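Here, each number is a calculation from the coordinates, and none is a lab measurement. Every value quoted in this text rests on a predicted model; they were computed, and no experiment measured them. Here the Cβ positions follow ideal geometry from the backbone for every residue, glycine too, while neighbour counts run over all protein chains shown.
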Amino acid sequence: MTLPMEWTSIVAIFALFWVVSAFVLLPFGVKTHEEVGMEKVPGQADSAPANFRPGLVAKRASVLAIVLTTLYVLNYGYGWISAEDLIFWGPEPR
C-alpha cells in the first residue's frame with residue numbers, strides 16, 4: 001500500500017487535529033463544584049472544574065484526531081472533495 005503523502009505530513013496533520021480536538025472537547029463532561037455539590041476553596045473561581053480529567057480528554061482527542069486524520073488522508077488520496085467544491089458563492093469556476 002502506498003500512502004498518498006509523506007508520513008511526516010500525516011504526523012503533522014494528526015498533531016494539528018489532536019490539538020484542535022483537545023480544545024473542542026475540553027468543556028464536555030466537566031462540572032463545577034456547585035454542580036457536584038462540593039465546597040469551594042476560598043479564592044477559587046466559580047467556574048473552576050471539580051472533576052477535570054486530562055487523561056480522558058487526551059484519549060477522546062486522540063480518537064477524534066485519528067478519525068479526522070484518516071478522513072483527511074483518504075480525501076487527499078481519492079479527491080472526494082476538492083477546493084472548487086467548497087466555493088458556495090461568487091463567480092462560477094471555469
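Near Ala22, once Lys and Arg are set to +1 and Asp and Glu to -1 for all other residues with Cβ below 15 Å from its Cβ, the sum equals +3.
For the stretch 7-86, what is the Kirkwood hydrodynamic radius in Å, using each pair of distinct C-alpha atoms?
It works out to 15.1 Å.
Placing a label point 7 Å from the Cα of Ser62 along the Cα-to-Cβ direction, none of the residues of the stretch 9-30 has a backbone N under 11 Å of that point.
Loop-located GluC sites (Glu not before Pro) in the chain (DSSP state not H, G, I, E or B) with no more than 12 neighbouring Cβ atoms inside 10 Å: Glu6, Glu39.
Out of the chymotrypsin sites (Phe, Trp or Tyr not before Pro) in the chain, which ones are loop residues according to DSSP with at most 10 other C-beta atoms within 10 Å? Kindly include the intermediate steps, with their values, before the conclusion.
Values: sites: Trp7, Phe14, Phe17, Trp18, Phe23, Phe28, Phe52, Tyr72, Tyr76, Tyr78, Trp80, Phe88, Trp89; in loops: Phe28, Phe52, Trp80, Phe88, Trp89.
Qualifying residues, ordered by number: Phe28, Trp80, Phe88, Trp89.
Computing FRET efficiency as 1/(1 + (r/R0)^6) for Glu35 and Ser82, where r is the C-beta to C-beta distance and R0 is 30 Å, gives about 0.10.
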